[in-house]
Structure formats: C-alpha cells, structure tokens
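What follows is a single structure, written as structure tokens, with notes after it.
The values are calculated or read from the model by the stated rules, or taken from the named source; none is laboratory data. Everything quoted here is computed from the prediction, not taken from an experiment. Every residue, glycine among them, receives a Cβ derived from its backbone with ideal geometry; neighbour counts consider all protein chains shown. What goes into the accessible areas is simple: the full protein's heavy atoms, side chains included, and nothing from ligands, DNA or RNA. Shrake-Rupley method; radii C 1.70, N 1.55, O 1.52, S 1.80 Å.
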Amino acid sequence: MDFIPYGRQDINQEDIDSVVDVLKAPFITQGPKILEFEKVLKDYVGAKHCTVFNSATSALHTACQALQLGPGSLLWTSPVSFVASSNSALYMDAQVDFVDIDPVSFNMSVDSLKLKIEQAQKDNRLPDVVMPVHLCGQSCDMKEIYELSKEYNFKIIEDGSHAVGASYGDQKVGSCQYSDIAVFSFHPVKIITTGEGGALFTNSDELLERVQLGRSHGVTKNPSQYKNEPHGSWYYEQHALGFNYRMTDIQAALGVSQMKRLDNFIQKRNEIALRYDELLKDLDVKTPVIGKERESSFHLYVIQVDPLKKKAIFESLREASIGVNVHYMPIHMQPYYQQKGFKYGDFPKSEAYYASAISLPMYPTLKESEQNYVINTLTKFL
Ligand SMILES: *Cc1c(COP(=O)(O)O)cnc(C)c1O
C-alpha cells in the first residue's frame, strides 16, 4: 500500500488551465481574479464583504488589527487549535488566554466560557475579543457565544480555517451572522486550496476599510478616502501601518476554479465520515459527534482511543504507511506559551482530548479500499 496522507488537495485539469491562463495575462497579482474570487466567496457564504489574503494567519492578524487589539487588550480562544489562532493576538502585543473545550464537540465550551466570564468580571478583566475555532469543520455554538458577546461587550473573530463550506443553522460559516469577522484558510490540506491563502469576511463597512488597509501597507488609492488634496493621478496615501499580505491572481484563479467543486468536496468528505462511523461502530474508539442544526465540512476525522494505547496505535499506523496525525497538542502546552505562564493542567478537558485523539486520513479522493485498509490496520492494534 502506498503512503496514505491524512489530507491532500484535489487539483484537476480545469484548475491547472485556469492558473496557466493567468500566467499569460497582463496581471499576475492585484488583477481581476482577486475581485472575482472575493465575489464568489462572499456570495457563497452570504457575507457582505470578502477580502482574500496570502494566508489565514495574515487574515487573522489583520482581523486583530482591524478590531484594534493592542497592549492591554485580551483575546480568548480555544487551546485545541493551531498556534496561528492565538499567535494573531500576540502579534498585536495583546494578551491571550484560553477557554477549555467541550469534550463531545472538541470546540470551545459555552459553559466554560460562561464560568470564565463570571470570574473575569470579578477580576475586572473581561476579554476584548473571543475567537471560537470551528475544529475539524464543525461550527461552534455561535448563537450562544454571540449572545454573551452582547451582554459582556466583546467582539468575535471566527477562526473558520477548517470550516470552508460548513453550515450553522440555515447559514454558511463565514456569513458573520454571529460574529464581527470570520476567516478561512486555503492551505492544501484544508477544504479548497490556493497553495497558500486565506479569506476574511465581515458585514461591517468600517471594518472592511481597515482590513483592506491592513492587507496592503496601510495604503489607499481610493480618492474618496484621501485626507489631503491629491497632487496628481499618481497619488496615494498611507493611513495606517499595514503589511504586504496580498494573494496573487495566480492563486485566486485556482481558488475560483476550486470553488466550483466545493459542494462536491463537502459531500464526499461527509460520505467518507459516515463510512468511517459505520466501520468503527463496534470497535473500542469514540467517533465524532456532530451537533444539532449544523453540517460539518469534515476537514478532519478525529477518533479517540484509550490514552494508554494512543502512542502505540499511532506509531503502528504510521509504520503501516498510514499518515495519521494529531490535531492538536493544546497551545498552552507549547514551550513558547509555557514561558508566558501557562501550565500543564490549566485546561484539563483539552489535555484529555489530546491524550486520546488521532486524526485518520480524510480527503475527497480517499478510496474505499484505502479506507478499508486504514480500518483493518487499526483493528489489529486496538
Ligand atoms: C491552518 C490553520 C490556520 C492557519 O492557516 P494558514 O492559511 O496556514 O495561515 C489557522 N487556524 C487554524 C485552526 C488552522 O487549521
């Protein structure tokens, strides 16, 4: 059996042709494909605005900048995420803290959030921003988190890196129905890809203006925004300290082409998940549970095994050429975060999840025979 990775992109001839077309066109960056990709994305999720970036990490950083996080500000996120979620606040010299997960959905627990808010109120240290992470592609309880945000006056950035194409209620993740900003990632292991890339959604005109400045050096070429009289048609103004976080047209063309197959990718991922559920149902493992009124994009299929056997099972699967992975070691256990004062034991449910979690291979072109091989191998080592 060839090596089976845990995730991989699906690129077809139409994707390749669309990229080649841009390479022959006058603009290979900052051209028409960027605007086209942004329109396709915002129409798909139902948000007012979309701005694409060269990564989700840049989009998250820019989101923190647009919400004016700075020294003295505080962002709360989930410990069970990729480090980019919390790093985005540290880039702004803001402080980070975590809210423990719900052991069933693995997402930020609304009960833990409420308890932490009660304590924070006593300490007079409520968060400025809460960043729920839609782990594995399943939406967090956004309505409940949104209601708390109105009561306790914090902003919400959704890290939807895993949840491209997922739904919550009758809305797509990214609609920002219950948030200020939502972010997607287009890294090749995620749901659709642009090589590297990300997108930021918002329904706020004011935030859009700050986000667009942040993406490109803080510079505007829009005369209606100028503070001074333009000196000529070459004129532009810098209004903030931004970065170069732009996506190329080459990447945007790939994104537009990939979007045509997004619903198909989600359907296939859900079929593979159902088949895993079925094949695993009599074994000594816990399979993912999807909450009410939501559809997961199944970026990841995470099983939970006996923590005492996890390492042996994991290594045995790897030896059998199965690219299992672990998403994630909780962020507060990283040495960099331990230096900031976090300790083992701070978020026990996240740590218990980590002790038992294994991500099985999950991508639209995973074959039934490969899936059978994964399960047969797993069965031997359980
Ligand atoms: C992949 C990922 C990111 C970062 O995305 P990039 O596009 O690689 O910058 C951020 N948050 C989560 C949860 C991710 O999985």
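What to note about this one:
- Some residue of segment 244-256 being basic (K, R), within 30 Å of P26 (Cα to Cα) and open to solvent by 20 Å² or more (accessible area, probe 1.4 Å): yes
- Of the residues in segment 72-79, at least one is open to solvent by less than 30 Å² (accessible area, probe 1.4 Å), modelled with pLDDT of 95 or more, away from the ligand (no atom under 16 Å from the Cβ) and out of contact with any strand residue (DSSP E or B) (no Cβ under 6 Å at 6 or more places or on another chain).
- For first residues located in segment 124-136 and without any contact (Cβ under 8 Å) to a residue 60 or more places away in the chain, partners that are more than 16 Å from the ligand (Cβ to nearest atom) and among the aromatic types (F, W, Y) and lie 6+ apart or on another chain with Cβ distances below 7 Å form the pairs L126/Y152; L126/F154; P127/F154; V130/F154.
- Selected residue (criterion: farthest from the ligand (Cβ to nearest atom)) from residues of segment 163-174 that are out of contact with any strand residue (DSSP E or B) (no Cβ under 6 Å at 6 or more places or on another chain) and either modelled with pLDDT under 95 or open to solvent by 10 Å² or more (accessible area, probe 1.4 Å) (or both): D170
- Test: residue in segment 210-222 that is touching a helix residue (DSSP H, G or I) at 6+ places or on another chain (Cβ under 7 Å), under 20 Å from D43 (Cα atoms) and away from the ligand (no atom under 12 Å from the Cβ): yes
Condition check ((1) part of a helix (DSSP H, G or I); (2) open to solvent by 50 Å² or more (accessible area, probe 1.4 Å)) across all residues:
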position: D111; (1), (2): yes, yes
position: Q121; (1), (2): yes, yes
position: R125; (1), (2): no, yes
position: C140; (1), (2): no, no
position: L148; (1), (2): yes, no
position: E158; (1), (2): no, no
position: S161; (1), (2): no, no
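- Within segment 257-288, the residues that satisfy the criterion of being in contact (Cβ under 8 Å) with a residue 40 or more places away in the chain and loosely packed, with under 13 Cβ neighbours inside 10 Å are D263, N264, D284.
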